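The values are calculated or read from the model by the stated rules, or taken from the named source; none is laboratory data. Please read these numbers as outputs of a predicted model, since none were measured by experiment. Backbone-built Cβ (ideal geometry, glycine too); neighbour counts: all protein chains shown.
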Amino acid sequence: MNNRTMCFIPKALLSLAFALLGFSGSFLHAEPPAVYAGRAYEDAVHSGGPQRIPGPVFCAYYDTGGEGVAYHDTGKDNQGSGKLNPANGSYLNEFRRQEALDTSYTKQLPDLDSPCNKVTPPLGLLYVGWNEPGEWFKITIETSVAGTYVADVLYTSQRGGKIGIDIDGTSSQSTFELESTFDPAETIPWRQWHHWNVARDAFELTLPKGVSVMTVRIITNGNLNLATFDFRPKGSHRAGPGITAVKTPSPVLANRRDSVKRVVAWNGEQANVGAGWVNPTTSTIKPQTVEAHSGITALEFKLKGTNQWMGMGWNWFKFKTGTNVGTDASTLKNLSFWIMAKGEVAGNLRVSLLCNGEVLDTPEEHTVKVEVLKYCPSLFDGHWHELVIPMADLNQIEGFNPEIISEIHFGLTTEQAIDGSFFIDDIGFDDRATEYH
């Protein structure tokens, strides 16, 4: 909520005041350093690494490195986390509260229930706000294919403003205007900062393949809430329902009041590497963008046939072997993922894990199989459900190494013809108290 009192002081007078106090003029318009020392953000909920393009880029996951390196903010305190949102131990309320760049997140009131919204944002979506002209922040990105990309921007703006984007410290490659979301029909003055909108094709960038650093600059007006930039190749169609379906990764964990350690294995966005297998070959497995629990991408295990047993698996290391390759879940309590069944699917679905090794897929490298219906009795109701399966229930056969887990297996036994899909999203491991959804 951007309801702080604004006082406008001529720039020359403000510069003189800072000079008298011993501050240099660079404090007012700090420039990103020539040699970049920041790095991609990560915490117990967000797995980290460069944010990938094409796909959504989350502004609140700006880089670590501090003032003058990863960002520049004219204030010294985070106006959202720990102030507007009281420090109560919750992930969202205390998100990056020790950093000066101001952050908050969408709430039922005022964000989702605002009658003047142009679009309805997801609940619990983190964003950067309270910004002023001259402020900036940097985000490490990774582009899969070099080319020109366009971006939709999810934002609010009480008075409009101009944004500049530059790549790898060059001059701005793109500048664009965000129109004001001010609405005279609004009856609550401070809610003018919470009218959400999507600027379609707001800007375009020519990006090299690989890792780059993107700087987002506030040029005029400020007081914008910036949530996501959703990139796609220029000339391509938007995948799925578009940007308003984009959620901050792991929203369920993010809303828990206690601190939860989580390792993400695959979520389709920041962690999107992998390869799969199916049996029989009339089935398929691949990422898709029509259905997703969070972000815009989830796995679809599409099953078709009359076999009494159908198997499928996803390996987030693309079947790379070795005793030093895998996800370390040895100190974590649970396997967790989101699942939805659609179409003509029924039967007994079981899940197990596979660890890596010098030779992949030997019997002792599997856990036992557990029945999904035990943890999700409503599996076949056509809705998303989170499964939280204690690692203790995945009785680890001698030879299984939880320090190098690389694959999840599903097996469906059925007595009827199958023509439908299981959608899987947000696969990971965590240490929360067990709870079934």
Next item on the list: Being crowded, with 16+ Cβ neighbours inside 10 Å, closer than 27 Å to HIS237 by Cα and aliphatic (A, V, I, L, M) is the filter here, so list the residues in region 181-220 that pass it.
Entry: VAL198, ALA199, ALA202, LEU205, LEU207, VAL213, MET214, VAL216
Margin query: What are the pairs with Cβ atoms under 6 angstrom where one residue, in region 83-107, is of a type in the set (Lys, Arg) and the other, located anywhere, is modelled with pLDDT under 90? Sequence gap at least six, or different chains.
Written below: ARG97/GLY82
Item checked: Condition met for THR289 (β-branched (Val, Ile, Thr), farther than 23 Å from HIS385 by Cα and without any contact (Cβ under 8 Å) to a residue 60 or more places away in the chain) -> no
Margin query: So PHE319 passes all but one of these: (1) at negative phi; (2) surrounded by fewer than 21 Cβ atoms within 10 Å (Cβ to Cβ). Which condition number does it fail?
Written below: (1)
Check: In region 160-180, is there at least one residue being surrounded by 15 or more Cβ atoms within 10 Å (Cβ to Cβ), touching a His at 6+ places or on another chain (Cβ under 8 Å) and in a loop (DSSP other than H, G, I, E, B)?
Finding: no
Margin query: Considering only residues that are in contact with a Cys (Cβ under 7 Å, 6 or more places away or on another chain) and polar (S, T, N, Q), which ones fall in region 380-437?
Written below: ASN401, SER406
Checklist line | Residues that are more than 16 Å from THR228 (Cα to Cα) and either among the aliphatic types (A, V, I, L, M) or part of a loop (DSSP other than H, G, I, E, B) (or both), drawn from region 181-205 | finding: THR181, PHE182, ASP183, PRO184, ALA185, GLU186, THR187, ILE188
Next item on the list: Output the residue which, of all residues in region 118-159 that are part of a loop (DSSP other than H, G, I, E, B) and polar (S, T, N, Q), is nearest to PRO233 (Cα to Cα).
Entry: SER144
Margin query: I need a count of the residues in region 100-121 that are within 21 Å of ALA292 (Cα to Cα) and either crowded, with 20+ Cβ neighbours inside 10 Å or over 22 Å from the mean Cα position of the chain (by Cα) (or both).
Written below: 3
Checklist line | Odd one out for SER336, checked against (1) within 22 Å of the chain's Cα centre (by Cα); (2) closer than 19 Å to ASN401 by Cβ | finding: (2)
Margin query: Return the pair list, or none, for Cβ contacts closer than 6 Å from residues in region 178-199 that are closer than 13 Å to SER114 by Cβ to residues that are part of a helix (DSSP H, G or I), at least 6 apart or on different chains.
Written below: PHE182/GLN192; GLU186/GLN192; ARG191/PRO110; HIS194/PRO110; HIS194/ASP111
Note to self: Tell me yes or no: at least one residue of region 324-339 is surrounded by fewer than 22 Cβ atoms within 10 Å (Cβ to Cβ) and among the aliphatic types (A, V, I, L, M).
What the structure shows: yes
Note to self: Being farther than 25 Å from GLY55 by Cβ, touching a residue at least 12 places away in the same chain (Cβ under 8 Å) and among the small types (Gly, Ala, Ser): is that true of GLY313 here?
What the structure shows: no
Next item on the list: Pick out the one residue from ASP393, ASP426 that is closer than 19 Å to LYS333 by Cβ and surrounded by 21 or more Cβ atoms within 10 Å (Cβ to Cβ).
Entry: ASP426
Notebook entry, point to check: surrounded by fewer than 20 Cβ atoms within 10 Å (Cβ to Cβ), modelled with pLDDT under 95 and more than 26 Å from GLY68 (Cβ to Cβ): does that describe ARG97?
Noted result: no
Next item on the list: Inspect region 308-328 for any residue being outside any loop (DSSP other than H, G, I, E, B) and modelled with pLDDT under 85 and give the result as yes or no.
Entry: no
Notebook entry, point to check: Within region 362-376, is there a residue that is in a helix (DSSP H, G or I) and touching a helix residue (DSSP H, G or I) at 6+ places or on another chain (Cβ under 9 Å)?
Noted result: yes
Next item on the list: Spot the failing condition for MET1; the list is (1) surrounded by 16 or more Cβ atoms within 10 Å (Cβ to Cβ); (2) at pLDDT 85 or above, and only one is missed.
Entry: (2)
Item checked: So GLY357, is it touching a Ser or Thr at 6+ places or on another chain (Cβ under 9 Å), part of a loop (DSSP other than H, G, I, E, B), assigned by TED's automatic domain parsing to the domain that holds PHE423 and surrounded by 14 or more Cβ atoms within 10 Å (Cβ to Cβ) -> yes
Note to self: I need the full set of residues from region 53-89 which are among the acidic types (Asp, Glu), surrounded by fewer than 18 Cβ atoms within 10 Å (Cβ to Cβ) and assigned to a loop (DSSP other than H, G, I, E, B), in order please.
What the structure shows: ASP77
Margin query: With the structure loaded, tell me whether ASP425 is more than 20 Å from PRO287 (Cα to Cα), of a type in the set (Asp, Glu) and within 27 Å of the chain's Cα centre (by Cα) or whether it fails that test.
Written below: no
